[in-house]
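Written out below as structure tokens is the structure these notes cover.
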Ligand SMILES: Cc1cc2nc3c(=O)[nH]c(=O)nc-3n(C[C@H](O)[C@H](O)[C@H](O)COP(=O)(O)OP(=O)(O)OC[C@H]3O[C@@H](n4cnc5c(N)ncnc54)[C@H](O)[C@@H]3O)c2cc1C
């Protein structure tokens, strides 16, 4: 064994496919690293992977990452077979999903086509077309040899100066003043500026050495390998999500795996310290239902001898997205939790992580995969487990727009939760919070109308609320006003993209309350702290209710002060910070009070509002109201990849712009990610959409080249619905309602 160096600028822990790819991409950027693995390269989950590489995923960034993987694999000696991939649709709902995905694929530049069952059989002659309505066909999908890939990446990394030490176990992580300083191993310590944990399912235990919590659960995942029974045919990969199974060719035989309805979490009390290069025992009972489905789809499976059933654990996250990025310990990065997509993802994962590490910020919008998305509630092992089981067991299920998950609910509740339930609320969940989507007896349309015509009351207690001390101005692209005022502002990143989109309540000369979206508290907090500000999360200290509508002033006549100002007032007998802001485009306030007084305040407002036609409303009405008014949503319309000028939130002449589209057919609704066409060319994608009940139009926002104009069309489930760009906002363009 060679001696470990005493120091290295960048240390990567984990020699699976992820660690090797990060080392490879760092080397490409001229950043040599030190990689250590407690055992051999590939001896974690990587060696027993089925090696399928599919590219189409639900988000642009993730799909781009997968596409980068394929481009890279074509150039490496990794057994890459670009055989194409088939995905079957066996129900009308699945067909609709497939069409929606085909729409996304167009905006991602993926050559995905919809084909008939007969064409699918032509490509995969062993399959039965029983029950198949259509299939999608992606000619650039394929499979590879996981170990070869890892070794090829490691070789490339070595050639760029990476120093790889196997049989070197990390036993400690040194942290001082909130930053990582190095690692301790069973073979000595290494001082380091940056440490990347790419330890697969072992990541939680390694991260814990630095006091960092990573919500990853190892789950046993199985596939079988058959004996060769035919000449190699160049079959494509085949996925039959309605029957939970996937196939690929292996020599002259098949590999077949799937997602069991009954998942098998593993190693919950700790992964054995010598668990490397080992498989779990075959679990035929759990796999049996999948073999029945497989025989139905590929009847030849009946006659083929199975060589072995591979059962191996793999790192899953509670939302089935990767876990990437810098932890709360400065310089300590995580890249793990690949949810059985680590091989497909590795190329892209290596690239985005290397760029992130080198630049200190991700170079594209990775929010969905960002470790900061996990709030404190994921510290509960039971909650994390319940959520992870749910995503595994429903992996192939159709998730229509507005899909809500059910595991681990209810978790976080506003003080008004019981009142909402008694009044027929239909709840949705965000970041663990139960939020009213709408009230059954009233309905979204009625709630919307009340807000425009009389008044509506919304429970927005789940808003993330951060109290910030220090000089906030340098981070903001708008000038903050004096104490007593409120500013809506963006915080741009180094690329000029919108890293945070917040309202800032100036409480004192150097103290602010920053309000941001329910799920963005961790993200925004990290951004503020990274820039030297002191942040206290007060989300759980204050309830927040939005009271808006033309009659709001009749309900609270004493609250007579200008737009974008705040005052401390008493409502009923509750002390309240009233902020005159709006996300719905009507006169009114956000009212913040101590959490324990929330119910009392809500009930007082409810009673006081009855003579004025007050209606309680939910988040779906808010969404319809804000769309009409052109208010942007971070994470959808605006992201770290979109600049304020592109978003129409600052002056400038950018080459692409966020535009308001109106669909010709008001009954057709866009949800986001749909392709937008000008003539025959796909020119962009929608970012969000919905129905505006006041303007009575179907609205979609879309990022489009600035020059695009005229007649457009939005691709909704395979149909092109005519649309045109409209001047925005559609509702109250002069802001008369808000300022009145
Ligand atoms: C049955 C099965 C089938 C799969 N099929 C596919 C598929 O078809 N397509 C696909 O894309 N993905 C698939 N996957 C998923 C894929 O295998 C994983 O996502 C991927 O291999 C994870 O790689 P990794 O580098 O993150 O982790 P790992 O390969 O687990 O590597 C982590 C490494 O960290 C090391 N380590 C841990 N602790 C320490 C420590 N304290 N000090 C030093 N080193 C440490 C370990 O020794 C290990 O080598 C499958 C997984 C399973 C289980």
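The values are calculated or read from the model by the stated rules, or taken from the named source; none is laboratory data. Keep in mind that what you see is a predicted model, and the values were worked out from it rather than measured. Methodologically, a virtual Cβ is constructed for each residue, glycine included, from the backbone with ideal geometry; neighbour enumeration extends over all protein chains shown.
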Residues of region 182-211 satisfying the condition of being in a helix (DSSP H, G or I) and either without any contact (Cβ under 8 Å) to a residue 24 or more places away in the chain or near the ligand (Cβ under 8 Å from one of its atoms) (or both): 200, 201, 202, 203, 204, 205, 206, 208
I'm checking my understanding of the structure. Among residues of region 330-365 that are in a loop (DSSP other than H, G, I, E, B) and more than 16 Å from the ligand (Cβ to nearest atom), which one is surrounded by the fewest Cβ atoms within 10 Å (Cβ to Cβ)? 360
Taking the stated definitions as given, is residue 708 crowded, with 18+ Cβ neighbours inside 10 Å, more than 19 Å from residue 636 (Cα to Cα) and in contact with a strand residue (DSSP E or B) (Cβ under 8 Å, 6 or more places away or on another chain)? yes
Top-ranked residue of region 266-304 - restricted to ones that are at pLDDT below 95 and part of a loop (DSSP other than H, G, I, E, B), ranked as surrounded by the most Cβ atoms within 10 Å (Cβ to Cβ): 304
One residue is enough: does region 61-79 have a residue meeting the conditions outside any helix (DSSP H, G or I) and either at positive phi or buried (at least 19 other Cβ atoms within 10 Å of the Cβ) (or both)? yes
Subset of region 588-605, residues in contact with a strand residue (DSSP E or B) (Cβ under 7 Å, 6 or more places away or on another chain) and either assigned to a strand (DSSP E or B) or surrounded by fewer than 21 Cβ atoms within 10 Å (Cβ to Cβ) (or both), comes to 588, 589, 590, 591, 592, 593, 594, 595, 597, 600, 604
Considering region 31-64 alone, what residues qualify as being more than 16 Å from the ligand (Cβ to nearest atom) and farther than 22 Å from residue 366 by Cβ? 32
Among the residues of region 240-258, write down those that are surrounded by fewer than 23 Cβ atoms within 10 Å (Cβ to Cβ) and within 11 Å of the ligand (Cβ to nearest atom). 255
Qualifying position, being more than 16 Å from the ligand (Cβ to nearest atom), under 25 Å from residue 234 (Cβ atoms) and buried (at least 18 other Cβ atoms within 10 Å of the Cβ), among 136, 128: 136
Any residue at all in region 305-319 that is over 23 Å from residue 363 (Cβ atoms), touching a residue at least 12 places away in the same chain (Cβ under 8 Å), more than 9 Å from the ligand (Cβ to nearest atom) and crowded, with 24+ Cβ neighbours inside 10 Å? yes
Kindly indicate which of 75, 107 is without any contact (Cβ under 8 Å) to a residue 12 or more places away in the chain, under 28 Å from residue 363 (Cα atoms) and away from the ligand (no atom under 15 Å from the Cβ). 75
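Here's the yes/no breakdown for (1) in contact with a strand residue (DSSP E or B) (Cβ under 8 Å, 6 or more places away or on another chain); (2) within 18 Å of residue 352 (Cβ to Cβ); (3) in a strand (DSSP E or B); (4) without any contact (Cβ under 8 Å) to a residue 40 or more places away in the chain:
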position: 5; (1), (2), (3), (4): yes, no, no, no
position: 9; (1), (2), (3), (4): yes, no, yes, no
position: 20; (1), (2), (3), (4): yes, yes, no, no
position: 47; (1), (2), (3), (4): no, no, no, no
position: 50; (1), (2), (3), (4): yes, no, no, no
